[in-house]
Amino acid sequence: MGIYEDLQAFQPANEQEAADRDLILSRLETDPTVFDRSSVAHMACSIWTVDPAFTKTLLVYHNIYDSWSWIGGHADGQADLAAVALRELEEETGVHGARLVPCGPGNVLSCEVLTVDGHVKRGAYVSSHLHLNVTYLAVADPAEHVRIKADENSGVKWVGLDEAVALSSEPWIRECIYRKLIEKTRELAPRFATR
């Protein structure tokens, strides 16, 4: 199955996920450039990474957003977003031993349409646009060495789940996305967590 079929089978947890899933499906149906940054609304992915006990998450200090943030990136022409998410995790943090948690069709944990304000990246202006984001859940070992990716982040650390909300300076992400992901993480913990 591909990401379109995964999202069709995905069961939204709330109104935000239902509306955003429908928008993403529509863009997948109508925009042949949706996997490329050239589209004003393009596919991206995030990876909500937790420790084996499902009590901590891995965050990066995102230079552009000036906030502690989850990990993710652009599809850049790649339709296998799960592979992109794992690659982004390794590139941004150095973590390479993570495994995806089988939490639903295609391992999709959540989906969201994220607004990105215009900004300067690597000396060039990037216009405001939308990330049609698919989020995956991964488990990684917090004892594994982490490192920053200086052109994207200036910090990497494991924090308690609720601390992720407190550390974010982005109100909508904090209240609508991180709280949702924490709730889903806690719901999945009895099935997948190890102590």
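The values are calculated or read from the model by the stated rules, or taken from the named source; none is laboratory data. Every value quoted in this text rests on a predicted model; they were computed, and no experiment measured them. When we count neighbours, we look across all protein chains shown, and the Cβ atoms used for this are built from the backbone with ideal geometry, even at glycine. Accessible surface is based on the protein model in full, side chains and every heavy atom, while ligands, DNA and RNA are left aside. Shrake-Rupley method; radii C 1.70, N 1.55, O 1.52, S 1.80 Å.
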TODO: List the DSSP H helices in the chain whose Cα atoms stretch 15 Å or more along the helix axis and whose mean Kyte-Doolittle hydropathy is at least 0.0.
DONE: 81-93
TODO: Considering the options S168, N107, A79, tell which one lies farthest towards the positive end of the dipole of the chain, charges being +1 on Lys and Arg and -1 on Asp and Glu at the Cβ, about the Cα centre.
DONE: S168
- [ ] Averaging sequence separations of C-alpha pairs under 8 Å and six or more residues apart, then dividing by the length of the chain, give the relative contact order as a whole percent.
- [x] 27
TODO: Only helical DSSP H runs with n ≥ 4 go in: add -39500 (n - 2.57) per run for the chain, normalise by residue count and round the 222 nm mean residue ellipticity to 500 deg cm²/dmol.
DONE: -9000 deg cm²/dmol
Open item on the list: With a cap of 14 neighbouring Cβ atoms within 10 Å, and only residues DSSP puts in a loop, list the trypsin sites (Lys or Arg not before Pro) found in segment 110-193.
Closed with: R122, R147
Open item on the list: How large a share of the accessible area of segment 74-121, in percent, is made up of carbon and sulfur atoms when the probe is 1.4 Å and the other protein chains stay in place?
Closed with: 47
Open item on the list: No solvent, one uniform scatterer per C-alpha: report log10 I(q)/I(0) for segment 1-127 via the Debye equation at q = 0.10, 0.13 1/Å, two decimals.
Closed with: -0.33, -0.58
Task: Separation in nanometres of the label points that stand 7 Å from Cα toward Cβ, at Q11 and S154 - done: 4.4
Open item on the list: With every protein chain kept in place and ligands, DNA and RNA left out, what is the accessible area per residue of segment 99-146? Probe 1.4 Å, answer in Å².
Closed with: 44
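Normalising by the residue count of segment 66-132, find the relative contact order in percent from Cα pairs under 8 Å and 6+ residues apart. Please list the in-between numbers first.
Details: 51 pairs, mean separation 12.3, N = 67.
Normalised by residue count, the contact order of segment 66-132 is 18 percent.
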- [ ] Please check which bits of segment 42-57 a label hung off R195 would reach, taking the label as a point 7 Å along Cα-to-C-beta and the cut-off as backbone N under 15 Å.
- [x] 52-55
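Which percent of the accessible area of segment 123-195 is formed by carbon and sulfur heavy atoms (probe 1.4 angstrom)?
55
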- [ ] Could you check what % of the DSSP bridge pairs in the chain are antiparallel, to the nearest 5?
- [x] 75
